[in-house]
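Structure first, then comments.
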Amino acid sequence: MLPRFIAVLFEPTSADDSKTARTLIRDLATKPGWARRFESSGMVVFDNAAQHTGQIHLIPEAGGVIYGSLFPAYNARPVAATLRDDVHALPSRRAASIIRHCWGRYVALLDDRSLFPLALRDPSGRSPCYVLRLSGTTRILFSEIEDVLPIVRSHLSVNWNYVRRFLTEHLAATRETAMQNVSELLPGESFTVKDGEDSYALVWNPASFAGDRIDDFEEAAAAVRNVAQFCADRWAEQYGRIVLSLSGGLDSSVIAGLLSRAPGAQKVLCRNLYSDFAEADERHFAALVAEQHGFELITGQHSVVAMDFDNALQKAPITLNPNRTFTGIDAVKDRQQFLDSIEADSFWSGYGGDQLFAADRNIAMARDYVLDRAVPMRLLQVARDASEITGKSIVKVLRTALSSDKDLRTYGDIPMPSFLAAAIQQRRTEADEPIMRNCHSLAPAKANHILSVMASMSANPFEKVADRPVIDFFASQPLMEVCFRIPTYVHNQDGVRRALQRAAFADMLPDAVRTRRGKGSAAADVVDSLLSPRNTRFIRSKVEQGVLVERGLLEPVRTKDVVAFERIPAPPDLNALISCIAVEDWAEKWSAALAA
């Protein structure tokens with residue numbers, strides 16, 4: 001787990017701001033288990049990091065502090081040299097230098113003797129950083145809401161517009177949160193205050209890499225492999241006693257291959273959890289991968305069917321935003337116990353690989369090919385590939401490819417549940433988020449590719465119950481950057497999804513894994529769990545007359561019909577019910593917290 005921090009930023013020349021800041025600093029100074037880490041005229045930083053000293057980087061000459069893991073970029077100077085040599089530059093230039101010369105998982109708090117301090121969140125998005133606006137220019141930056149709740153309770157109230165969006169959209173990298181006056185820094189974004197106003201800037205713009213295309217398949221495969229091995233080597237140097245969640249799918253199998261070649265990987269143990277349902281049992285594939293690389297494999301059964309939603313939510317801590325992943329809280333605690341039992345120092349997952357290697361069946365990749373080339377000579381072949389991958393007719397693919405429609409992006413749209421109130425079902429027509437705006441000018445399949453990756457770039461709020469880091473390897477900045485340079489029609493070729501990934505790591509994968517066209521699914525587990533008598537009673541009690549009905553976000557008659565469960569609800573309704581449960585529990589917890 002990363003160190004948790006609270007930073008008070010203020011304008012020292014303002015008497016009112018200084019008074020507000022002094023009160024906050026006095027309260028934080030007595031917070032049990034926390035200590036003052038950094039202090040300047042306009043910023044004071046506290047953390048709970050006595051046990052995390054390897055993840056704290058104090059910048060020379062009182063230039064600030066960085067929390068997390070920091071590595072030098074390929075062929076770049078050492079991290080310490082970057083922090084030392086740029087210490088006298090403006091904070092904005094220092095932030096750009098860190099993004100350019102370093103990568104990892106971090107939040108940087110940069111101080112300046114004459115300007116307002118600046119915060120920077122790394123491009124992986126795995127380290128949370130929130131901004132709470134107080135009076136004047138006083139701001140509190142923090143990593144976990146529960147750490148600051150006792151001292152800022154009076155400044156918080158629910159943002160029901162965010163809740164509406166949570167129910168109706170895929171929220172791809174948004175600053176908006178479910179609390180008024182609280183914003184979340186986007187991955188690769190900086191924050192400061194200029195002329196009394198909050199100022200945000202995307203120091204790392206994912207859309208910018210798409211313009212520097214790698215069109216050649218062999219060149220792209222070599223680039224992906226080399227960068228991936230570079231990233232695995234750096235992570236393994238810091239966390240050498242590794243447990244890899246090895247499902248037997250492409251992504252986790254690729255990581256196994258990379259770790260087998262990483263000098264710093266002292267010990268790698270693979271763990272495979274199989275489901276109650278045969279379609280989600282991939283032990284055979286996991287065993288092939290572990291045997292090829294000489295890794296020990298431990299298997300165990302994970303029963304989603306036995307899940308008790310009520311019990312899971314009671315264990316879930318309060319979070320800033322409602323979160324659908326509450327169903328995994330028991331899995332996080334089980335994983336923590338397993339890591340403790342074998343004294344591992346990190347847990348690695350293949351999460352994000354589907355998005356990074358453009359695995360979605362996007363008919364618009366042929367349109368990208370047309371837009372990328374003045375003379376699209378291979379259009380028919382690319383159209384055939386898109387047709388085979390998506391299952392759409394080649395005629396439809398060609399019509400899309402030659403369409404005059406300037407916006408074929410689909411990311412953000414989700415099937416609308418039948419029981420949502422009509423008043424909240426209107427979708428946004430403008431890209432009103434910074435990353436979405438930047439992707440607006442890209443070819444449609446590439447825009448969807450980047451947006452889907454960025455939507456996965458968020459910290460799991462329930463990971464705070466664990467004390468060992470989760471390495472979501474495919475969120476490594478250098479790997480994201482090279483994959484964004486590769487067109488979707490190069491990622492997917494010859495009618496094969498993820499053809500580039502399969503080719504780049506071919507010698508690391510058993511043939512049975514490399515040629516797989518599907519993956520195990522626990523969808524049946526989730527449906528059975530959702531529709532178990534225990535959980536249907538709980539859902540009915542939470543949703544039928546809950547806060548969402550009270551606030552007019554759900555249609556009462558239709559909601560009552562759906563939660564009667566006289567028939568299996570349609571997939572959009574099933575997914576929406578999980579979201580509604582998350583919101584109801586979240587709202588109940590916050591009602592109690594704000595009233596305390």
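Points to keep in mind about this one:
- The chain - charge dipole about Cα centre, Lys and Arg +1 at Cβ, Asp and Glu -1, debye rounded to 20: 480 debye
- Whole-percent carbon and sulfur share, accessible surface of segment 44-156, 1.4 Å: 52 percent
- Over all pairs of different C-alpha atoms in segment 223-350, the reciprocal of the mean inverse distance, the Kirkwood hydrodynamic radius, equals 15.9 Å.
- Under 5 Å between amide hydrogens, built in the peptide plane, is the criterion, and for residue 5 it picks out 143, 144 among residues at least 5 positions away or on other chains.
- With both labels modelled 7 Å from their Cα along Cα-to-Cβ, the residue 395 to residue 594 distance reads 5.5 nm.
- Each residue of segment 538-552 was assigned a 3J(HN,Hα) from its phi angle through the Karplus expression (A = 6.51, B = -1.76, C = 1.60, θ = phi - 60°), giving 5, 4, 4, 5, 7, 9, 4, 10, x, 5, 5, 5, 4, 8, x Hz with x at Gly and Pro.
- Separation between Cα centres of segment 484-512 and segment 324-383, rounded to whole Å: 13 Å
- Enclosed volume per residue, in Å³, of the convex hull spanned by Cα atoms of segment 1-96: 106 Å³
- Relative contact order of the chain, pairs being alpha-carbon contacts under 8 Å that are 6 or more residues apart, as %: 16 percent
- Kirkwood-based Rg to Rh ratio, segment 50-182, C-alpha trace: 1.01
- Taking the average, over residues, of other Cβ atoms within 10 Å as the packing measure, peptides 231-243, 346-358 rank 346-358, 231-243 from highest down.
- When you work out D = kT/(6 pi eta Rh) for segment 130-237 at 37 °C and 0.692 mPa s, using the Kirkwood radius from C-alpha pairs as Rh and the Stokes-Einstein form, the result is 188 µm²/s.
- For residue 194, the aspartates and glutamates whose Cα comes closer than 12 Å to its Cα, not counting residues fewer than 8 places off in the same chain, are 11.
- Of all aspartates and glutamates in the structure, the ones whose alpha carbon falls short of 14 Å from that of residue 392, not counting any fewer than 8 places away in one chain, are 360.
- Computed over the chain, the P(r) curve from all C-alpha pair distances, binned at 10 Å from the origin, holds 3, 16, 25, 28, 20, 7, 1 percent per bin.
- Highest to lowest packing among 553-560, 383-390, scored as the average C-beta count within 10 Å: 383-390, 553-560
- Dimensionless Rg/Rh of segment 171-288 - Kirkwood Rh, Rg from C-alpha atoms: 1.11
- Share of carbon and sulfur in the accessible heavy-atom surface of segment 297-364 [1.4 Å probe, %]: 47 percent
- Cβ crowding within 10 Å averaged over residues, with 497-509, 117-129 ranked highest first: 117-129, 497-509
- Here's how it looks for residue 179: its modeled amide H is under 5 Å from those of 159, which are all 5 or more places away or on a different chain.
- All other residues whose Cβ lies under 11 angstrom from that of residue 262 are scored, Lys and Arg at +1 and Asp and Glu at -1, for a net of 0.
- Solvent-accessible surface of the chain, taken per residue with a 1.4 Å probe and all protein chains present: 41 Å².
- The chain: calculated mean residue ellipticity at 222 nm from DSSP helix runs of at least 4, using -39500 (n - 2.57): -12000 deg cm²/dmol
- Geometric descriptor of segment 432-582, per residue, is 213 Å³ (volume of the convex hull of the Cα atoms).
- 10 Å-binned pair-distance histogram of segment 92-162 (Cα, whole percent): 16, 42, 32, 11, 0
- Distance violations [Cα-Cα > 26 Å] among 333/560; 315/542; 267/333; 560/589: 333/560
The values are calculated or read from the model by the stated rules, or taken from the named source; none is laboratory data. None of the values given here were measured: they were computed from a predicted structure. Please note: Cβ atoms are built from the backbone with ideal geometry, for glycine as well, and neighbour counts cover all protein chains shown. What goes into the accessible areas is simple: the full protein's heavy atoms, side chains included, and nothing from ligands, DNA or RNA. Shrake-Rupley method; radii C 1.70, N 1.55, O 1.52, S 1.80 Å.
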